[in-house]
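Below is one structure, written out as structure tokens; the observations come after it.
The values are calculated or read from the model by the stated rules, or taken from the named source; none is laboratory data. All values derive from a computational prediction rather than experimental measurement. A quick note on method: Cβ atoms are made from the backbone with ideal geometry, for glycine too, and the neighbour counts reach across all protein chains shown.
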Amino acid sequence: MRIKEVLFDAKEPTVYCESFVYEPSNIEEERLGYLFMVGRIRNVSENSFYLINLLASRIKREYYENPRRSPSQAIESALKKGNNVLKENEERINWLGNLDFLVVAVSQRKIYLTCIGKIKAYIIREEKGEQRVIDLIKDLISERDVLFPFSIIITGTIKKNDILIFSTSNIFSKEKLLKFGKKLFPIRQERIEEIIQSKESGVALVVETGKTAEAIERLKSASPFIKRRFFQGISQFLTPSKKKIKADFQKLKEKIEGISPSLKQRVQTSLRKLFSKGIDTVQKLNKAEKKEQLPLSIPMERVKPSRINLKIFKKYLSKKKVAIVIFIVIFTITGFGIYQHRKNIETKTIEEMIKAAEEKKTEGENALIYGDKEKSLAMLTESLNLLNSIKEPKDKEERIKSLKKEIEDKINEITGRQILSDISPIFEIKKGIEEFNPEGISIIKNNIYIFSPSSSLIYKWDLSKKEGFFLPQKERVIGTTVVNGKLLLLLENSKIAVEDSILSIKSPYENLSVREISHFRNYFYLFDKNKGEIIKYKLSNKEVSNPILWFKEREEGKGAVSMAIDGSIYLLFPEGKIKRYTIGSLKEEIDPPETFPKIKNATKIFTSKDNKYLYLIEPFQKRVIVIKKTGEIVKEYQSEQFKNLKDIWATPQDKTIYLLSENEIFKIELPLP
């Protein structure tokens, strides 16, 4: 294959592009063929550029990990690793919508392909004298699974003399290829400059399957990225050309031919042993280097080890042992030198990253002195992200750990977060006579009531007596709230229970699906998340009014996950946005509070007419967020003990929080302003 890389560098400070080409490193890997990747990340800081290289490294390592697998099995396994990398970094890097990445495996005339974002992939094929352009990507984008980006793999067959193009969206297009295809290929620097122009940074690989070349040719790269020059330098150092290896062996052969013969049998045996030891040494070094190899752009034609025919030496055995020993020592020292050089580079890179993190930490602390809280938090966050990107800190681990602790403490101080390291549950809900999976809580004076949608039991805990027991009900309990100081149970089959009475309620439409109930004075409200509707009922003298669809506009609450009422109704959305409604109409939207990290999956909101604040829980971050009803953050509480937060309740005048975490109840005293 002949491979050319096309690079446009528009000097955009928030854009990083890179291409990767890998080939089999031994005979076993031959069946897996070549691996190509093209990546671009935009609208992120320079500290986030590492994601491209990390993604390529993990995918490549997994792809060639087990040569016994078929290419389709190998690419599927490698893409799972890629999804894991994206999942691990989603908190640190806003890659969704900003990352364009293509992965292509080519083996035995088969091609396997998948991508994220705005990517192009084409096959240029000559058929009956006409040039045909096959678009490989067009059917992939609409089918992509957002939760698992690398989930759809396109497969196809390539032919001899096909030209493969893998590109970010700004370089090649089908229209350009159809219009200028004859002029473009074979692709050259002057033709790129004449035909293809781009105002933004991008990268492409052009693979001519019917041609051969020893190294990748790079075109249109007037100002390469710093990181590209750095890695290319390593690549050139580590990858000698085929001509150089051939010349070295020729020199060795000439020297050996001048050696006189003697001691044939004995030295021949020694020679075999020396070669065996030398090969073992090289294999061990290669294995050590391969463990965490950075993705490098490497020559495409694999250099096969030259074999020295032992017959050459039969006439020259007396001095042969000395020559071979010298050769193996030189080869071993060179291999060790390469290995050590890499280790030194890795250590130096880690040290530079730590220093950069320290500088950003200092900058953040200085910003805080001048009262710039926003800038301080941004700098400290960048510093922490930089440290978190160091995957193998080696002997720097303690230093990194200490620095991260200092930064996290400072962030906690700025955001008002309190880490509850020694908190313990006030009680645990014991299993009853049937399945009971706690889902929500309500509190009346000294009694906590806990329900499970899968059970017809209510668990009651007396705070003063510190004891609890199960109360059986007629039907399964869907939700609970408090109306006029009385516990109201929402039961299945459109019923409610108040004290000893069971009352039927009318549904405003078919298939009413309710999983949340709240109250205000002598009214209770049902929230149908599926329909996005709130239904209002009045409770008086053990009678329930007809239902009223509360919103002025139908399905106004679509997308919300929880409801709270203090006279206005607050709807919470997963990203932390809150909408406040009065008399069925939207009055204001409250932006997500400035938390670190940002809210991504809030699940519950609580307030009442007796509470000054809004309370949110985010189970994934194991935290409770307290905010003013205008949106400003007041306090965060976080603890590793919060295993699976389900519900929250705050007592009047905001004195105490009670949290339901799996089958445990936690209590937090609130010394709030």
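On the given criteria, is Tyr637 over 33 Å from the mean Cα position of the chain (by Cα) and either surrounded by 18 or more Cβ atoms within 10 Å (Cβ to Cβ) or at pLDDT below 95 (or both)? When the stated conditions are applied, Tyr637 does not pass them. Of all positions in the range 346-366, none carries a residue that is within 25 Å of the chain's Cα centre (by Cα) and in a loop (DSSP other than H, G, I, E, B). Against the numbered list (1) under 17 Å from Ile154 (Cα atoms); (2) within 31 Å of the chain's Cα centre (by Cα); (3) at pLDDT 85 or above, Ile137 comes up short only at (3). Just so you know, in the range 484-530 the residues that are more than 43 Å from the chain's Cα centre (by Cα) and among the basic types (Lys, Arg) include one that is nearest to Glu555 (Cα to Cα), and it is Lys506. None of Tyr63, Tyr34 is aromatic (Phe, Trp, Tyr), more than 22 Å from the chain's Cα centre (by Cα) and under 25 Å from Glu208 (Cα atoms) except Tyr34.
Tallying residues that are outside any strand (DSSP E or B) and of a type in the set (Lys, Arg) within the range 592-644 yields 7.
Among the conditions (1) within 44 Å of the chain's Cα centre (by Cα); (2) farther than 26 Å from Ile426 by Cβ; (3) part of a strand (DSSP E or B), the only one that Thr481 does not satisfy is (2).
Restricting the search to the range 177-205, which residues are charged (D, E, K, R), surrounded by 15 or more Cβ atoms within 10 Å (Cβ to Cβ) and modelled with pLDDT of 75 or more? Listed by number, the list holds a single entry, Glu200.
Does Glu467 qualify as being among the acidic types (Asp, Glu) and buried (at least 19 other Cβ atoms within 10 Å of the Cβ)? For Glu467, the condition - among the acidic types (Asp, Glu) and buried (at least 19 other Cβ atoms within 10 Å of the Cβ) - is not met. Restricting attention to the range 346-367, the residues that are of a type in the set (A, V, I, L, M) and within 13 Å of Ile407 (Cα to Cα) add up to 2.
Table: residues versus (1) under 13 Å from Glu358 (Cβ atoms); (2) out of contact with any strand residue (DSSP E or B) (no Cβ under 9 Å at 6 or more places or on another chain); (3) of a type in the set (Gly, Ala, Ser).
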| residue | (1), (2), (3) |
| --- | --- |
| Gly371 | no, yes, yes |
| Leu377 | no, yes, no |
| Thr381 | no, yes, no |
| Asn385 | no, yes, no |
| Asn388 | no, yes, no |
| Glu392 | no, yes, no |
| Lys401 | no, yes, no |
| Lys404 | yes, yes, no |
| Ile407 | yes, yes, no |
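Filtering Glu492, Glu413, Glu475 for residues that are closer than 22 Å to Gln638 by Cβ and either assigned by TED's automatic domain parsing to the domain that holds Thr607 or acidic (Asp, Glu) (or both) leaves a single hit, Glu413. Inside the range 75-93, residues that are over 21 Å from Arg61 (Cα atoms) and either surrounded by 23 or more Cβ atoms within 10 Å (Cβ to Cβ) or modelled with pLDDT of 85 or more (or both) make up a count of 1. The residue of the range 10-32 that is nearest to Leu79 (Cα to Cα), among those that are among the small types (Gly, Ala, Ser) and surrounded by fewer than 21 Cβ atoms within 10 Å (Cβ to Cβ), is Ser25. Looking at the range 613-631, which of its residues are farther than 12 Å from Ile657 by Cα and surrounded by 16 or more Cβ atoms within 10 Å (Cβ to Cβ)? Answer for the range 613-631, where residues must be farther than 12 Å from Ile657 by Cα and surrounded by 16 or more Cβ atoms within 10 Å (Cβ to Cβ): Glu618, Pro619, Gln621, Lys622, Arg623, Ile627, Lys629, Gly631.
How about the range 13-55: which of its residues are part of a helix (DSSP H, G or I) and among the hydroxyl-bearing types (Ser, Thr, Tyr)? Ser48, Tyr50 - these are the residues of the range 13-55 that are part of a helix (DSSP H, G or I) and among the hydroxyl-bearing types (Ser, Thr, Tyr).
What's the total number of residues in the range 637-671 that are under 14 Å from Lys604 (Cα atoms) and of a type in the set (A, V, I, L, M, F, W, C)? Residues that pass the stated criteria total 7.
Here is a yes/no grid of residues against (1) crowded, with 17+ Cβ neighbours inside 10 Å; (2) within 22 Å of Trp649 (Cα to Cα):
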residue: Leu512; (1), (2): yes, no
residue: Ser518; (1), (2): yes, yes
residue: Tyr525; (1), (2): yes, yes
residue: Gly532; (1), (2): yes, no
residue: Asn541; (1), (2): no, no
residue: Lys552; (1), (2): no, no
residue: Ser562; (1), (2): yes, yes
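Might you check whether a residue that is touching a helix residue (DSSP H, G or I) at 6+ places or on another chain (Cβ under 8 Å), over 28 Å from Thr209 (Cα atoms) and in contact (Cβ under 8 Å) with a residue 40 or more places away in the chain occurs anywhere in the range 81-88? Checked against the condition, which is being touching a helix residue (DSSP H, G or I) at 6+ places or on another chain (Cβ under 8 Å), over 28 Å from Thr209 (Cα atoms) and in contact (Cβ under 8 Å) with a residue 40 or more places away in the chain, the range 81-88 yields at least one hit. With respect to the conditions (1) buried (at least 18 other Cβ atoms within 10 Å of the Cβ); (2) touching a strand residue (DSSP E or B) at 6+ places or on another chain (Cβ under 6 Å), Ser504 lacks only one, and its number is (1).
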